[in-house]
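S.K.: Following this message is one structure expressed as structure tokens.
The values are calculated or read from the model by the stated rules, or taken from the named source; none is laboratory data. This one's a predicted model, so the numbers in the text were calculated from it and none came from an experiment. Here the Cβ positions follow ideal geometry from the backbone for every residue, glycine too, while neighbour counts run over all protein chains shown. What goes into the accessible areas is simple: the full protein's heavy atoms, side chains included, and nothing from ligands, DNA or RNA. Shrake-Rupley method; radii C 1.70, N 1.55, O 1.52, S 1.80 Å.
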Amino acid sequence: MNILFFGPNGSGKGTQGSVLKEKFNIAHIESGAIFRENIQGNTELGKQAKTFIDKGELVPDDITIPMILDRLQKDDCKNGWLLDGFPRNKVQAEKLDESLKSSGITLDIVVEILLDREIAKNRIMGRRLCVQDNNHPNNIFIDVIKPNGDLCRVCGSELKSRADDQDEGAINKRHGIYYDATEGTLASAYYFKSQAEKSSLPRYMTLEGKNSVKEVSDELLSKL
Ligand code: AMP
């Protein structure tokens, strides 16, 4: 099962992506998490990416596209994958489509989480990052995933905030890119939506992101 997952930052994409990863036992590939691991490990890729990420800009395509296409070749993707955070613009969508077609890989499902920009912004500012896995299963504004006091509700480790999550200018920039339906991330989602309208695969489904985590995952599982 190969899946693309779209949703503005703060829509719960990561949380719902984990539901699908478990259901289908597939690799969950998050472009943002790969960049964060590299920044933490102080790698060359991390250094290059950090300047763009801190400003809320996209890391350039010549760095991001090969990074993701290479990642899809790894052994853990043989059983399927879920891509979260990629593609993020129309060029990335076209390159991904080209690469999948030339490797004979089918895209099965495209999920789009719908969420109003203002709600998404508030949610981002409540996110807390677990130092253990550098991801964010905690949010001080969402009851069911509230941290345990100051600590990660999943593993009890310390929490911190992502620098780009507390900077309103950077959040606005990231959302500007997401909601851009001409060249940005919605354009890349609609690129696959138009394929879904003409053929049986991929299947394109939308989820109502303002609902609770449980309601969104119930809707997701019922539509699969
Ligand atoms: P995320 O964790 O998905 O919010 O990603 C964090 C940051 O990583 C983004 O704001 C971008 O700077 C960068 N990034 C993640 N995915 C991509 C992508 N597909 N293309 C370019 N930059 C990306």
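S.K.: Most mobile of Gly32, Gly209, Gly17 per a Gaussian network model of the chain (Cα springs, under 10 Å)?
M.R.: Between Gly32, Gly209, Gly17, it is Gly32 that shows the largest mean-square fluctuation.
S.K.: Also, quick follow-up: Rounded if a/c is under 1.5, else prolate if a/b is larger than b/c, else oblate: which is the range 171-224, with a ≥ b ≥ c the root eigenvalues of its Cα gyration tensor? Present the calculation step by step, with values, prior to reporting the outcome.
M.R.: Numbers: a/c = 4.10, a/b = 1.10, b/c = 3.73.
Oblate shape, in that a/c is at least 1.5 and b/c is the bigger or equal ratio.
S.K.: Using θ = phi - 60° and the Karplus curve 6.51 cos²θ - 1.76 cosθ + 1.60, what whole-Hz ³J(HN,Hα) does each residue of the range 203-217 get, with Gly and Pro shown as x?
M.R.: For the range 203-217, the Karplus-derived couplings read 8, 10, 10, 10, 10, 7, x, 7, 6, 5, 3, 5, 5, 5, 5 Hz, x marking Gly and Pro.
S.K.: Leaving out ligands, DNA and RNA, and with a 1.4 Å probe, what % of the accessible surface on the chain is carbon or sulfur?
M.R.: The computed percentage sits at 49.
S.K.: So, one more: At 222 nm, what helix-only mean residue ellipticity would the chain give, in deg cm²/dmol to the nearest 500, using -39500 (n - 2.57) for each DSSP H run of four or more? Spell out each step's value before the answer.
M.R.: Numbers: 9 runs with 105 residues, N = 224.
Estimated from H runs of four or more residues: -14500 deg cm²/dmol.
S.K.: Here's a follow-up. Which entries in the list Lys23/Lys121; Lys21/Lys74; Lys50/Lys173 go over 20 Å, if you measure between the two C-alpha atoms of each?
M.R.: On the way: Lys23/Lys121 29 Å; Lys21/Lys74 16 Å; Lys50/Lys173 15 Å.
As for pairs spanning more than 20 Å Cα to Cα, those are Lys23/Lys121.
S.K.: OK, next. Which of Asn89, Asn134, Asn79 moves most in a GNM of the chain, Cα contacts under 10 Å?
M.R.: Asn79
S.K.: Once phi is turned into ³J(HN,Hα) by the Karplus curve 6.51 cos²θ - 1.76 cosθ + 1.60 with θ = phi - 60°, what whole-Hz value does each residue of the range 44-60 show in order, with x for glycine and proline?
M.R.: 4, 4, x, 5, 5, 6, 4, 4, 6, 4, 4, 8, x, 9, 6, 5, x
S.K.: Can you pull the accessible area of Asp164 for me, 1.4 Å probe, Å² to the nearest 10?
M.R.: 10
S.K.: If you bin every alpha carbon distance in the chain into 5 Å steps from zero, what whole percent lands in each bin?
M.R.: Final binned percentages: 1, 7, 14, 19, 22, 19, 12, 5, 1, 0.
S.K.: In the range 133-224, what is the volume of the convex hull around the alpha carbon atoms, normalised per residue and reported in Å³?
M.R.: Value for the range 133-224: 138 Å³ per residue.
S.K.: If the elastic network links every pair of Cα atoms under 10 Å, which of Phe141, Phe35, Phe192 fluctuates the most in the Gaussian network model of the chain?
M.R.: Of Phe141, Phe35, Phe192, the Gaussian network model singles out Phe141 as fluctuating most.
S.K.: In nanometres, what is the gap between the two model label sites at Gln195 and Asn42, each 7 Å from Cα along Cα-to-Cβ?
M.R.: Placing both labels 7 Å beyond Cα along the Cβ direction yields 4.1 nm.
S.K.: Let me ask you something else. Between Phe6 and residues 5 or more places away or on another chain, which pairs have amide H atoms under 5 Å apart, with H built 1.01 Å from N, and which residues are they?
M.R.: Distant-sequence amide H within range of Phe6: Val111, Glu112, Ile113.
S.K.: Any chance you could run the full-extension gain for Asp54 through Ser212? It's 0.36 nm times the residue separation minus the Cα-Cα distance, nm to one decimal.
M.R.: Roughly 54.0 nm would be gained on extension.
S.K.: Working out 0.36 nm times the residue gap between Gln73 and Val154, then minus their Cα-Cα distance, what length gain in nm do you get to one decimal?
M.R.: 26.1 nm
S.K.: Moving on to the next point. Amide H neighbours of Trp81 under 5 Å, at least 5 residues apart or on other chains, H built in the peptide plane: list them.
M.R.: Residues meeting the amide H criterion: Asn2, Ile3, Ala27.
S.K.: A follow-up question, please. In vacuo Debye scattering of the range 74-193, one point per C-alpha: log10 I(q)/I(0) at q = 0.15, 0.17 Å⁻¹?
M.R.: The Cα Debye sum returns log10 ratios of -0.86, -1.01.
S.K.: Spit out the partnerless Cys residues in the chain, using Cβ distances under 4.7 Å as the pairing rule.
M.R.: Those would be Cys77, Cys155, since no other cysteine Cβ in the chain comes under 4.7 Å of theirs.
S.K.: Per residue of the range 29-41, what does 6.51 cos²θ - 1.76 cosθ + 1.60 with θ = phi - 60° give for ³J(HN,Hα)? Whole Hz please, x for Gly and Pro, Karplus curve as stated.
M.R.: 10, 10, 4, x, 5, 4, 4, 5, 4, 5, 5, 5, x
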